[in-house]
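The values are calculated or read from the model by the stated rules, or taken from the named source; none is laboratory data. Computed from a prediction, not measured in an experiment: that's the story for all the values here. All Cβ positions, even for glycine, are placed from backbone atoms using ideal geometry, and neighbour counts span all protein chains on display. For accessibility, only protein heavy atoms count, side chains too; no ligands or nucleic acids. Shrake-Rupley method; radii C 1.70, N 1.55, O 1.52, S 1.80 Å.
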Amino acid sequence: MAPTPAKDRDRTISMAAEEEIMSVLKERLKEISNKTPVDKQENVKKELDNFYRLYGKWRGGITDELIWDKIRPLPESMLQGYSSLRKVDEDDHEGISRLLNKLVVLKLNGGLGTGMGLGSACPKSLIRVREESTFLDITMAQIENLNEKYGVSVPLVLMNSLNTDSETGNALKKYKGANVEVLTYLQSYYPRIERETLLPYVKDYQNIDSNEGWYPPGHGDLYESLYNSGVLDKLIEKGKEIIFISNIDNLGATVDLNILSHIVKSGCQSQFIAEVTNKTRADVKGGTLIEYNGCVKLLEYAQVPKEKVDDFKCVKKFKIFNTNNLWISLKAIKERVVTGTLERDVIVNHKALDDGRNVIQLETAVGAAIKNFSGAFAINVPRSRFLPVKHTSDLLLVMSNLYNLEDGVIAMSPDRQFPSTPLIKLGPDFKRIQSFLKRFQTIPDLLELDHLTVTGDVYFGRDVSLRGTVIIIANHGERIDIPSGSLLENKIVSGNLRILDH
Ligand SMILES: Cc1cn([C@H]2C[C@H](O)[C@@H](COP(=O)(O)OP(=O)(O)O[C@H]3O[C@H](CO)[C@@H](O)[C@H](O)[C@H]3O)O2)c(=O)[nH]c1=O
């Protein structure tokens, strides 16, 4: 989610005009739902009712502008260190099976690989990240391994968007015989609002996947769509109690038995646990947990006013980062959704569409619901639980010998002498996956790397080793080939260096 921060509301509109807009909107939504085929009407109506509530919240100004000086760090009572959790006895298979049988794993799978230059038909989860394995393959291997090892049946739930649903469905076919029950459901679609009229411009619910008038309203929609799809009830009926939610692109988000045991042993008194991690300079576009007006609050990058962005990036002021790994009680989710008491900030995303139309889309974030749950708190987890792959620079890390993949778990190689990950900056020539891949004959050895910056037209030969700080800059119009077998240790390479076959 990366909307442009903008002023929430045009405050020049009078109360009467606000009421008028709300009533016209209601009519418009009714028309849309009436035009929907009868079998889909009930669901569409539920979605549009939720949209109407979100819109009302926005227009009502409930999400007023943030007062920056009111931001406080999360109090210690709400932030627990991971090391303080009681360790689960790994030999107690029976105890672990009992824990796991209460668990469901959900991956947020509504995103596309467009950030890494893939077309709009490719779900991000189907990108190959390690050898031939995609994010989805790795997730399946991980859960299947748990199910086999402990003789349990942890189901995997995928929250798809219309952008990802059909390709994911195709990819899942190969898992027919796997020891993992996979349940999928679709997140909602809401109508985009025209900036001029403050109303949706779509008139019906046709072709919503290809119609720019509709959009998936962020992962905060998870709760209502999980309930409306019937999947939530199904899971509760199966005796499942806790759901572990994470971004499918976070390869560090494995099932953690110590956190699970902590929740179960407390009798699910902590209805919501958010995993945070120490913020580094690499963590910018995401969220952090803060105390605001005496309550816990998720502050997303998209909510930060432009003039405060540098402040937000400061790792001294904002020391923790939201990993989006969340552990929530299923019953508590149901209770909040049914009673309509699930408050989340509205994130206002201003966009310009290809046809030149200026639109607004209202979104919410899944972690923002933390304030609604009793006993909610954050656990400061080791960095190994947060291994997001957002850019090709992240991909370079996870493809390299810095990590090992075993049973669906990616872990840092014991051969790395220090636990920090190198800081990697790749220039625009490396942005798209296809061009990134063709620039490496083999992925270099990164075991002793601290920092790598590469810009310009640079190609790496086979078996290159990079150590310490390495900076490679090919001037505009020139090309650098790093020869096969080279070792670069604390080196700056610039200018041009061509190696040609003959
Ligand atoms: C917007 C949207 C996203 N997703 C999926 C795609 C990704 O797997 C996952 C995260 O979406 P992104 O849009 O990439 O969100 P991102 O910028 O990473 O931010 C989230 O994850 C960050 C950690 O990476 C946190 O710090 C932020 O607080 C949290 O909001 O959710 C959906 O399934 N549906 C959606 O509508």
Response to the item:
With label points set 7 Å from each Cα along the Cα-to-Cβ direction at residue 476 and residue 196, the distance between them in nm comes to 3.9 nm
Worksheet item: Quick one, what does Rg over Rh come out to for the stretch 234-273 if you take C-alpha atoms and the Kirkwood Rh?
Response: 1.00
Fill in: In Å², nearest 10: area of residue 301 left accessible to a 1.4 Å probe
50 Å²
Worksheet item: So for the stretch 392-501: antiparallel DSSP bridges make up what percent, rounded to the nearest 5?
Response: 15 percent
Worksheet, complete the sentence: Output row, site residue 72, 7 Å Cα→C-beta label point, backbone N cut-off 16 Å, window the stretch 284-311, residues 289-298
Worksheet item: With respect to the cross-link table entries 40/390; 317/438; 149/390; 176/238, which display a Cα-Cα separation exceeding 29 Å?
Response: 40/390; 317/438; 149/390
Practice prompt. Towards the positive end of the charge dipole of the stretch 6-59, with charges on Cβ (+1 Lys, Arg; -1 Asp, Glu), say which of 50, 34, 21 has the farthest Cα.
Written response: 50
Worksheet item: Leaving out same-chain residues fewer than 8 places away, which aspartates and glutamates sit with a Cα under 14 Å from that of residue 87?
Response: 256
Worksheet item: Once you sort the root eigenvalues of the Cα gyration tensor of the stretch 403-443 as a ≥ b ≥ c, which label holds: rounded (a/c under 1.5), prolate (a/b larger than b/c) or oblate (the other case)?
Response: prolate
Worksheet entry | Alpha-carbon centroids, the stretch 279-304 and the stretch 396-449: separation in whole Å | 28 Å
Worksheet item: Tell me, what is the 1.4 Å probe accessible area of residue 68, in Å² to the nearest 10?
Response: 20 Å²
Worksheet, complete the sentence: Result row for the chain, helices from DSSP H with C-alpha axial extent 27 Å or more and mean Kyte hydropathy at least 0.0, is none
Worksheet entry | Other-chain or far-sequence residues with amide H under 5 Å of residue 487's (modelled H) | 465
Worksheet item: What FRET efficiency, computed as 1/(1 + (r/R0)^6) with R0 = 60 Å and r the Cβ-Cβ distance, is obtained for residue 265 and residue 38, rounded to the nearest 0.05?
Response: 0.80
Practice prompt. Rank these residues by their accessible area, most exposed first, probe 1.4 Å: 38, 157.
Written response: 38, 157
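From the convex hull of the Cα coordinates of the stretch 392-501, what is the mean projected area in square nanometres? Intermediate results must be reported in sequence, preceding the final value.
Working: hull surface 28.1 nm².
With the hull built on Cα positions only, its mean projection is 7.0 nm².
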Worksheet item: Okay, which of the stretch 447-461 sit inside 13 Å, backbone N to the point 7 Å along the Cα-Cβ direction of residue 431?
Response: 456
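Working from the pairwise distances between different alpha carbons, so that the mean of 1/r is found and then inverted, what is the stretch 6-59's Kirkwood radius in Å?
Evaluated over the stretch 6-59, this radius sits at 12.3 Å.
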Worksheet entry | For the stretch 312-359 versus the stretch 24-96, the gap between their alpha-carbon centres in whole angstrom | 7 Å
Discussion item. What distance in nm separates the two pseudo spin-label positions at residue 315 and residue 490, each 7 Å out from Cα along the beta-carbon direction?
Written reply: 2.1 nm
Worksheet item: Using the beta-carbon distance between residue 16 and residue 53 and R0 = 22 Å, what value does 1/(1 + (r/R0)^6) give for FRET efficiency, to the nearest 0.05?
Response: 0.55
Worksheet entry | 5 angstrom amide H check on residue 315, placed H, neighbours 5+ away | none
Worksheet item: With every protein chain left in place, what is the accessible area of residue 391 in Å² (1.4 Å probe, nearest 10)?
Response: 110 Å²
Practice prompt. Kindly write out, for the stretch 122-128 in residue order, the coupling ³J(HN,Hα) from the Karplus curve 6.51 cos²θ - 1.76 cosθ + 1.60 (θ = phi - 60°), rounded to whole Hz, with x marking Gly and Pro.
Written response: 10, x, 4, 5, 9, 6, 7
Practice prompt. Quick one: give the max-minus-min coordinate of the C-alpha atoms of the stretch 340-465 along each principal axis, largest first, in Å.
Written response: 57, 46, 26
Worksheet, complete the sentence: The set of residues whose placed amide H lies less than 5 Å from the amide H of residue 251, leaving out same-chain residues fewer than 5 positions away, is 387, 389
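Beyond 42 Å, what share of the Cα-Cα pairs of the chain remains, rounded to the nearest whole percent?
Details: 26114 of 125751 pairs.
Counting pairs separated by more than 42 Å, the tail of P(r) holds 21 percent.
Please give the calculated 222 nm ellipticity per residue for the chain, where each DSSP H segment of at least 4 residues contributes -39500 (n - 2.57) and the sum is spread over every residue; nearest 500 deg cm²/dmol? Intermediate results must be reported in sequence, preceding the final value.
Numbers: 12 runs with 126 residues, N = 502.
Rounded to the nearest 500, the figure is -7500 deg cm²/dmol.
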Worksheet item: GluC sites (Glu not before Pro), restricted to the stretch 212-268: which are DSSP loop and have at most 16 other Cβ atoms within 10 Å?
Response: 212
